[in-house]
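First comes the structure, then the notes that go with it.
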Amino acid sequence: MSKVIVITGAGVGLGRALARRFATDGDNVVLLGRTLAKVQAAAQEIGDRAMAVGCDVASPESVKSAFAEIARRHPRIDVLINNAAIFEPYLIADATDEQIMGTLATNLGGAILCVRSAIPMMNRGGHILSVSSESVEMPFPHLLMYQTTKAGLERFCSGLHKELEPNGIRVTCVRAGQMMEPGKVWNADPAAQMRFAKAAMEAGINLRERPITQFTSVTNIFRALVDLPPDLHSPLVTLSARKAG
């Protein structure tokens with residue numbers, strides 16, 4: 001049966017790729033994004049099965065408003081995918097208030113706020129998936145806030161599973177490695193990117209030589225998770241890129 005799937009950070013990257021995949025498979029998708037024009041463009045490309053809603057997941061009021069708008073078209077949702085995140089390299093000593101609080105509020109707080117709004121709209125069989133990062137266990141420099149929020153997200157998902165299991169709602173955290181798509185551009189400050197690459201090399205991590213996977217490959221995993229039989233659950237899935245061939 002067709003599912004209603006809500007995806008945050010759906011204007012670009014993995015979120016957009018997931019929306020395309022699920023809509024192609026016959027599901028109805030709701031694309032949430034801070035920049036309304038981006039999710040509208042993605043939804044228009046996808047077609048009638050897509051709904052675009054502007055939402056800053058870091059804002060409690062924006063999240064409440066977004067889910068109220070969703071409910072007017074889809075009173076019930078089957079799947080929430082927490083994908084929105086800020087990925088920006090910096091040292092804590094040099095970080096601005098906006099960088100610290102923005103990363104914390106978006107990567108961790110945003111997922112929590114969206115979950116709170118989604119739960120009342122889910123029946124038994126609902127599924128909440130959140131995107132974590134391989135950096136939780138890898139010694140990447142300049143990414144402490146990103147790593148911390150993703151580690152917190154994993155702990156949140158673990159506890160949330162226990163909280164929602166009596167409701168029949170599954171919770172899965174997907175820890176993913178590097179992903180890309182043609183034309184993808186990292187919008188972080190170029191100087192910060194250079195400092196990050198240099199520090200990573202000094203830590204023994206050559207960013208240019210690390211394998212990287214395609215967003216379209218990763219969507220296969222999400223498809224499989226969403227379609228798990230009722231008697232199966234996968235609390236944590238770890239994905240890593242590999243060099244094909």
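The values are calculated or read from the model by the stated rules, or taken from the named source; none is laboratory data. Keep in mind the model is a prediction, meaning the values are calculated, not measured. Here the Cβ is made from the backbone with ideal geometry for all residues, glycine too, and neighbour counts use every protein chain on show. Note: areas computed on protein heavy atoms with side chains; ligands, DNA, RNA excluded. Shrake-Rupley method; radii C 1.70, N 1.55, O 1.52, S 1.80 Å.
Below, the figures for the structure above:
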item: Cleavage-rule hits (trypsin sites (Lys or Arg not before Pro)) in segment 56-104: DSSP loop, at most 15 neighbouring Cβ within 10 angstrom; result: ARG76
item: Accessible-area ranking of ASP94, ASP56, largest first, probe 1.4 Å; result: ASP94, ASP56
item: Calculated P(r) of segment 111-229 - Cα pairs past 20 Å, %; result: 54 percent
item: Accessible area per residue in Å² at 1.4 Å probe, computed on the chain; result: 50 Å²
item: Cα-derived Rg to Rh of segment 1-136, Kirkwood definition; result: 0.98
item: Separation between Cα centres of segment 188-245 and segment 124-164, rounded to whole Å; result: 14 Å
item: Matching label, mean projected area of the Cα convex hull in nm² computed from the structure shown, candidates (1) 11.9; (2) 15.1; (3) 13.5; result: (3)
item: Qualifying GluC sites (Glu not before Pro) for segment 159-245 [loop in DSSP, other Cβ within 10 Å: at most 10]; result: GLU209
item: Per DSSP, loop chymotrypsin sites (Phe, Trp or Tyr not before Pro) in segment 165-245 with at most 15 further Cβ within 10 Å; result: TRP186
item: Portion, in percent, of the accessible area of the chain that falls on carbon or sulfur, probe 1.4 Å; result: 55 percent
